[in-house]
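Just below is one structure, and these are the notes that go with it.
The values are calculated or read from the model by the stated rules, or taken from the named source; none is laboratory data. Worth saying up front: this structure is predicted, and the values here are computed from it rather than measured. All Cβ positions, even for glycine, are placed from backbone atoms using ideal geometry, and neighbour counts span all protein chains on display.
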Amino acid sequence: MVARRARGFTAIELVIVAAVGALLCASALPSLADWRARQRLQDSASRLVADLHRARELAVDGHRTMYVALHEACYTVATTPDCPCDAPNSHCAVKTVAFSGAGVTSLPARPVLAFDPRFGSTTAGPVARLFLAGRSLDVEVEAVGHAESHTPNPPLH
């Protein structure tokens, strides 16, 4: 009678494969955390840019000055320049948004933008620098009210 060889993997082979898989996963974790931080930062900047565009639109459509006030951890789109983020159901805030884990610095120390109701214009220049996990993005607005985000010059990484 011919002996049949058993099919399958030995326990040592399975342990080696599991160890290699664990090493690959462990090496991917730092880049995954960095990717998540970049996405959260980009999300915060994109939301701010969209709300700047919305404030301009509300100013022109509503025939009244609209303000975007930047605070330490949030910002408001409001009908008055001094509308706080933390006032629940505020009569002045059209929208209040918390920055999702990103820090913010208003640039150059102008925490309130006013959008003119006739043309939707505002003072051109940098608005804010958002930062998270060693990365940063600047948000700027043009005189005609168009906003965009980009990496700062020079980048801070």
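Consider segment 124-156 and keep the residues that are surrounded by 12 or more Cβ atoms within 10 Å (Cβ to Cβ) and β-branched (Val, Ile, Thr). The one that is nearest to Ala59 (Cα to Cα) is Val141. The set of residues from segment 110-145 being assigned to a strand (DSSP E or B) and polar (S, T, N, Q) comprises just one member, Ser136. Across segment 80-104, the qualifying residues are those that are assigned to a loop (DSSP other than H, G, I, E, B) and polar (S, T, N, Q), and the one among them that is modelled with the lowest pLDDT is Asn89.
Here is a yes/no grid of residues against (1) surrounded by 12 or more Cβ atoms within 10 Å (Cβ to Cβ); (2) among the aromatic types (Phe, Trp, Tyr); (3) not in a helix (DSSP H, G or I):
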residue: Ala19; (1), (2), (3): no, no, no
residue: Ser31; (1), (2), (3): no, no, no
residue: Trp35; (1), (2), (3): no, yes, no
residue: Asp51; (1), (2), (3): yes, no, no
residue: Ala55; (1), (2), (3): yes, no, no
residue: Leu58; (1), (2), (3): yes, no, no
residue: Val77; (1), (2), (3): yes, no, yes
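The set of residues in segment 38-49 that are surrounded by fewer than 16 Cβ atoms within 10 Å (Cβ to Cβ) and either without any contact (Cβ under 8 Å) to a residue 40 or more places away in the chain or of a type outside the set (Lys, Arg) (or both) comprises Gln39, Asp43, Ser46.
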